[in-house]
Amino acid sequence: TAGRPKTECKPLAGYADWTELCRQPLLWLGCADPACSVFEAMTDDPDRGTLDRLLTTWLKVFGKTPAMVRDAIKYASVFNEEIQEFGEVLREIAGERGEINRRKLGWWIRRNSGRIVNGRRFVRASGHRSAEAWQIEVIESVSPVLSVSDPQAGKSVNYDLEM
């Protein structure tokens, strides 16, 4: 009878049909957002913060140039205040007995490759190498924040869209 009214809500990637058929009616009825726990879990994810730090520092060290894990470890061993955080992040991810475990670091990057954080992600570099090379890809089309006007509150509400 109401004509399927829409409520402004943070999008949940890959669940457009579910949002349309299940979530929207519940929100319109004034029920709690059933996707709220998903968004809370995303913000509480410790790997997300670590990945963000690694992507940021990797970009400072290598830019968008492909680099292998062994190159990253080599740079991390050079004492330079500008890249000190890079070494700290690598040790946090793969530190073992005072050293950075190359296999563990490679596995961690592989497991998190393709995951977008703040508009960046690790991708496997193309080309023929004896080992995998990684590079940072900047995703221009992903907006990190969606601003939506809330007429009831008389203000704009910002939503973090990245997962």
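The values are calculated or read from the model by the stated rules, or taken from the named source; none is laboratory data. Source: prediction; values computed, not measured. Cβ coordinates were reconstructed from backbone atoms using ideal geometry, including for glycine residues, and neighbour counts include every protein chain displayed. The area values use the complete protein model at the heavy-atom level, side chains included, leaving out ligands, DNA and RNA. Shrake-Rupley method; radii C 1.70, N 1.55, O 1.52, S 1.80 Å.
The convex hull defined by the C-alpha atoms of the range 1-104 has an orientation-averaged projected area of 9.8 nm².
Report the local net charge at GLY63: Lys and Arg +1, Asp and Glu -1, summed over other residues whose C-beta lies under 13 Å from its C-beta.
Working: positive: LYS60, LYS64, ARG120; negative: ASP71, GLU137.
Value of the local net charge: +1.
Here LYS104 is the anchor, and the lysines within straight C-alpha reach of less than 20 Å, apart from those fewer than 8 places off in the same chain, are LYS74. Taken per residue, the accessible surface of the range 1-140 reaches 63 Å², heavy atoms only and a 1.4 Å probe.
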